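Participant: The following block contains the structure, expressed as structure tokens.
The values are calculated or read from the model by the stated rules, or taken from the named source; none is laboratory data. Note that the coordinates shown come from a computational prediction; the quantities given were computed from them, not determined experimentally. Note that each Cβ is placed from the backbone with ideal geometry, even for glycine, and that neighbours are counted across all protein chains shown. Remember, those area values only see protein heavy atoms, side chains included, never the ligands or the DNA or RNA. Shrake-Rupley method; radii C 1.70, N 1.55, O 1.52, S 1.80 Å.
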Amino acid sequence: MKFIFPTNYNFKNKILGVLDYPTAIFNVVYFLIIFSLFNSIFNSINLKIIFVVVFYFPILLFSIVGFNHENILYSLYYIIKYFIKPKVYLYK
């Protein structure tokens, strides 16, 4: 069976067909930072789980759903860039 892909088709390798590799690496690094931070602050396992879920789960959901399957790193870059230099254009 032969598959014909159009020349303008953008093929990206993804983990389980959902996350691309830079996003998955970002998620793992972010989780390790959050986990190590709260692991050093709290002694109770319940507090560790609650704070890791509260601070990690929204980023994970945003990286899975995203804006039109945009890479989360690009989205964060654009958001930070806007906060540094906000520009508002007004037209009559």
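Participant: Are there any pairs with C-beta distances below 7 angstrom linking a residue in the range 58-69 that is closer than 14 Å to LYS14 by Cβ to a residue that is modelled with pLDDT under 85 and among the aliphatic types (A, V, I, L, M), with the two at least 6 apart or on different chains, and if so which?
Facilitator: Cβ pairs passing all conditions: SER63/LEU19; SER63/ILE72; ILE64/VAL18; ILE64/LEU19; GLY66/ILE72.
Participant: For LYS81, work out the one condition from (1) open to solvent by 80 Å² or more (accessible area, probe 1.4 Å); (2) among the charged types (D, E, K, R); (3) not in a helix (DSSP H, G or I) it doesn't fulfil.
Facilitator: Status for LYS81: all satisfied but (3).
Participant: Yes or no: the range 7-15 includes at least one residue that is among the hydrophobic types (A, V, I, L, M, F, W, C) and open to solvent by 80 Å² or more (accessible area, probe 1.4 Å).
Facilitator: yes
Participant: Please specify each residue of the range 33-78 satisfying the condition of being open to solvent by 90 Å² or more (accessible area, probe 1.4 Å) and within 19 Å of LEU19 (Cα to Cα).
Facilitator: Listed by number, the residues that qualify are PHE57, VAL65, PHE67, ASN68, HIS69, TYR74, TYR77.
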